[in-house]
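Read through the structure below, which is laid out as C-alpha cells, and then see the notes.
The values are calculated or read from the model by the stated rules, or taken from the named source; none is laboratory data. Just so it is clear, the structure is predicted and the values come from calculations on it, not from any experiment. Methodologically, a virtual Cβ is constructed for each residue, glycine included, from the backbone with ideal geometry; neighbour enumeration extends over all protein chains shown. We work out accessible area using only protein heavy atoms, side chains counted, and drop any ligands, DNA or RNA first. Shrake-Rupley method; radii C 1.70, N 1.55, O 1.52, S 1.80 Å.
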Amino acid sequence: MLKIDIIGDIHGCIDEFKELTIKMGYEWISGIPIHPENRVLGFVGDLTDRGKNSMEVVQIVYDLWKNGLAHYVPGNHCNKLYRYLLGNKVMIAHGLETTVEELDRLAPAERSKITDAFKILYEEAPLYSLLDEGNLILAHAGIRGDYIGKMNEKVKTFVLYGDITGERNPDGSPVRRDWAKHYKGSSLIVYGHTPVQDARFINRTVNIDSGAVFGGKLTALRYPEMEIVDVPSSMPYVPEKFRDFD
C-alpha cells in the first residue's frame, strides 16, 4: 500500500521543510529525509521563489526523486523557472527574482549542476500524478474531474494556474474560481497554489498550501491516514495573500 506524505508549496522555505519532515518521523541521512517505515514524500510544485533557499530545496527534491523516494509534479513557479533556464523571455518578478539572485551567487560549476538537476526533474515529471491506482491525484492547482486522464493545453493551464477567469485582482494575481466546490469525483485530489490559513477539505479535495512563504504554515497530508501535520513559518505574515472561501 502506498504511504505518502504530501507537502504543500515550499517556495524555498528550507527550515520549515526540514522541521516538517522531522516532525513526521523522517531522518536526514546524506542530505535527504528518509523514513524508517519506507514512507515516501510527495510535492505539489512551487519548490522555489520568494523564500531564501530555493536551490537547496530543488537539490533535495531532485535527490529524493532520483532515488525513488518522492513523487513530484510542477507548479506555475516551476514552469516559469524552467522557461527562464531555457533562455525564454520571462518577467523576473513575483518571486523569480529571489531564485535568480540565488543562482547568480553560485559558482559556474555549481550553478550548472543545480540547473541541470532542476531541468531533468521538471522535464521528467508528469503534469499531474495519478497514484494508488488512481485513487490519489497530485496536481499543483488542482484538476477538474472531466480533465483527469487528459493532456492538452487547457488541462496544463488549469493544473498550473487553477480555474482562472482571465481577470486580475488588485495585486495583479489572476482571479480564480473555486473549482473544488464543484468537484464530484471519487479520486482524492491533493493540491496547493492558493494559500489558505489551514488545509482545506471540500468534497474529495484537499488544499495543502497554507502559505509557508507568507508567514502561515508548511503543511503535509499523510496518506492514506488523512492526517494533517504542519509547522509554523518563520517568514513575515502577509494576511492579504491568503484566500478566504465562503
| task | Please work out how much length the chain gains when fully extended from Ile148 to Arg105, using 0.36 nm per residue of separation minus the C-alpha to C-alpha distance, in nm with one decimal. | result | 11.4 nm
| note | Along region 123-128, Karplus-curve 3J(HN,Hα) (6.51, -1.76, 1.60; θ = phi - 60°) to the nearest Hz, with x for Gly and Pro, reads 5, 9, 6, x, 4, 9
| Dipole axis of the chain (+1 Lys, Arg; -1 Asp, Glu on Cβ), positive-most option in Ser173, Tyr72, Tyr237 | Ser173
| task | Report in % the part of the accessible area of region 54-116 that belongs to carbon and sulfur, leaving out ligands and nucleic acids; probe 1.4 Å. | result | 51
| said: Strictly over 30 Å apart at the Cα level, which of Lys18/Lys181; Lys184/Lys217; Lys52/Lys154; Lys52/Lys150 would you flag in this model? | reply: Lys18/Lys181; Lys52/Lys154; Lys52/Lys150
| task | Roll a 1.4 angstrom probe over the protein heavy atoms and tell me the percent of accessible area of region 4-53 that is carbon or sulfur. | result | 46
| query | For region 224-246 and region 157-219, what is the separation of their Cα centres, given in Å? | reply | 12
| query | Once you charge only the Cβ atoms, +1 for Lys and Arg and -1 for Asp and Glu, what is the size of the charge dipole of region 4-241 about its Cα centre, to the nearest 20 debye? | reply | 680
| region 158-163 - phi-based ³J(HN,Hα) in whole Hz, Karplus 6.51/-1.76/1.60, Gly and Pro as x | 5, 5, 7, 10, x, 8
| Which shape class, rounded, prolate or oblate, goes with region 167-214 when its Cα gyration tensor gives a ≥ b ≥ c as root eigenvalues, a/c under 1.5 marks rounded, and past that a/b bigger than b/c marks prolate? | oblate
| said: Nearest 500 deg cm²/dmol is fine: what mean residue ellipticity at 222 nm does the chain get from its DSSP H runs of n ≥ 4 alone, each adding -39,500 (n - 2.57), divided by its residue count? | reply: -8500 deg cm²/dmol
| query | How much net charge surrounds Arg111 when only the other residues with a Cβ under 11 Å from the Cβ of Arg111 are counted, with Lys and Arg +1 and Asp and Glu -1? | reply | -2
| So what J values fall out for region 83-95 if you push phi through Karplus, 6.51 cos²θ - 1.76 cosθ + 1.60 with θ = phi - 60°, rounded to Hz, Gly and Pro as x? | 5, 5, 5, 6, x, 6, 7, 10, 6, 7, 7, 6, x
| said: Of all beta bridges DSSP finds with both residues in the chain, what is the antiparallel percent, to the nearest 5? | reply: 60
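Dividing the Cα radius of gyration by the Kirkwood radius, what Rg/Rh value follows for region 4-241?
On the way: Rg = 16.6 Å, Rh = 17.8 Å.
Radius of gyration over Kirkwood radius for region 4-241 works out to 0.93.
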| message | Taking only the Cα atoms of region 100-157, how large is their convex hull per residue, in Å³? | response | 117
| note | Across the alpha-carbon set of region 1-85, Rg over Rh with Rh taken as the Kirkwood radius works out to 0.95
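What accessible area per residue comes out for region 4-241, rounded to a whole number of Å², with a 1.4 Å probe?
45
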